[in-house]
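Everything below concerns the one structure shown next.
The values are calculated or read from the model by the stated rules, or taken from the named source; none is laboratory data. Keep in mind the model is a prediction, meaning the values are calculated, not measured. Backbone-built Cβ (ideal geometry, glycine too); neighbour counts: all protein chains shown.
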Amino acid sequence: MRGSKILITGVSGQVATPVALAMAPDNEVWGIARFTDAAVRSSLEKAGVRCETVNMAAGDFTGLPSDFDYVLNLAVAKSGRWDKDLAANAESAGLLMAHCRSAKAFLHCSSGAVYDPPGDEPRTERTVYGDNHKSLLPTYSITKIAGETVVATMARALGVPTTIARLNVPYGDNGGWPYFQMEMMLSGMPVPVPPGGPAVYNPIHEDDIIAMIPKLLEVASVPATTVNWGGDQYVSVQEWCTFLGSLVGTEPVFEESDQALRGNPLDVTKMHELVGGTTVDWRDGMRRMAVKFRPELVGA
């Protein structure tokens, strides 16, 4: 992507920050967030990102221009408060689409957490919805489902070409769930896992996320295109924690708990058809992550 005016929401977050940094050299990138961390804002602005303080839950975009070519809605709220999280994850997405209704395409980042089938088979885009994350994040799954519904409705009402992408375990040099688990292991804390077999996911490295965004925007449509967004490789929590432990010199202790998240593998067949596959092997990506955060523990 070159020469485009792009708005990125939640730009101070784990997923959005590397996306903004990658796009800023060749585009006019605006980023909105609450910016509670001044250092993150400073690093983004030094890279050329135009940062504006906006509270997504308030849904007030009057201070922003509306002539963006593309909008990447990467913001997410996980406060556990239903009013706040519904406003931030659902209502605000629709209000933002209304504000930027002339956009060529709108990318809404949803989550594999919208699925909750009874078994462990890979979830297709037609798999049953449910409250997958209620044990850990009581508002998350429901507000992400609500957000998809709002975005799909506004895409049709406003004629804004839209892609709804259901992300699955993003990670990389800016952190992620595997990073937090690595830090838990180094602190001597057990890693919670669900009872039974391995908890399988499709971890996706930030390099692949960045590479796929232009393609996800290209397939935006009215009605909205909905697609799973995850790595090509199926990897369990147990497998990646064991690998990370071998890199940093600690052996993970797994603690079975009914409160731990179930595995959530995605069927990425449709993703392959629309935008292609991922390129970063999970071992290479997680080694890079470990080196970034714990270079003193990981050999070259």
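Taking first residues from segment 249-271 that are within 23 Å of P117 (Cα to Cα) and partners that are exposed (fewer than 13 other Cβ atoms within 10 Å of the Cβ) and not hydrophobic (A, V, I, L, M, F, W, C), the Cβ contacts under 7 Å between residues at least 6 apart in sequence or on separate chains come to E256/P195; D258/P195. Going by the conditions given, is M184 under 20 Å from R288 (Cβ atoms), in contact with a strand residue (DSSP E or B) (Cβ under 8 Å, 6 or more places away or on another chain) and without any contact (Cβ under 8 Å) to a residue 60 or more places away in the chain? Criteria met by M184. In segment 115-129, the residue that is surrounded by the most Cβ atoms within 10 Å (Cβ to Cβ) out of those that are outside any loop (DSSP other than H, G, I, E, B) and not basic (K, R) is Y115. Here V71 qualifies as under 19 Å from V160 (Cβ atoms) and in contact with a Cys (Cβ under 9 Å, 6 or more places away or on another chain). Only one of the numbered conditions (1) in contact with a strand residue (DSSP E or B) (Cβ under 6 Å, 6 or more places away or on another chain); (2) farther than 30 Å from T162 by Cβ; (3) acidic (D, E) is violated by E206, and that is (2). Looking across segment 197-238, the residues that are over 27 Å from T17 (Cα atoms) and touching a residue at least 60 places away in the same chain (Cβ under 8 Å) come down to G197, P198, A199, V222, P223. Before we move on, is T62 more than 20 Å from the chain's Cα centre (by Cα) and farther than 25 Å from A211 by Cα? The answer is yes for T62.
Among G59, G80, G13, which is without any contact (Cβ under 8 Å) to a residue 40 or more places away in the chain and of a type outside the set (K, R)?
Of the residues listed, the single one that is without any contact (Cβ under 8 Å) to a residue 40 or more places away in the chain and of a type outside the set (K, R) is G59.
In this entry, G172 is excluded by the filter for residues that are touching a residue at least 12 places away in the same chain (Cβ under 8 Å) and surrounded by fewer than 24 Cβ atoms within 10 Å (Cβ to Cβ). Taking residues in segment 143-168 that are within 10 Å of S110 (Cβ to Cβ), and partners anywhere that are surrounded by 18 or more Cβ atoms within 10 Å (Cβ to Cβ) and of a type in the set (D, E), the pairs with Cβ atoms closer than 8 Å and at least 6 places apart or on different chains are I164/E148.
With the structure loaded, tell me whether V222 is over 30 Å from G3 (Cβ atoms) and among the aliphatic types (A, V, I, L, M) or whether it fails that test. No; evaluated as a whole, the condition is false for this residue. Among all residues of segment 131-140, there is none that is at pLDDT 95 or above and surrounded by 24 or more Cβ atoms within 10 Å (Cβ to Cβ).
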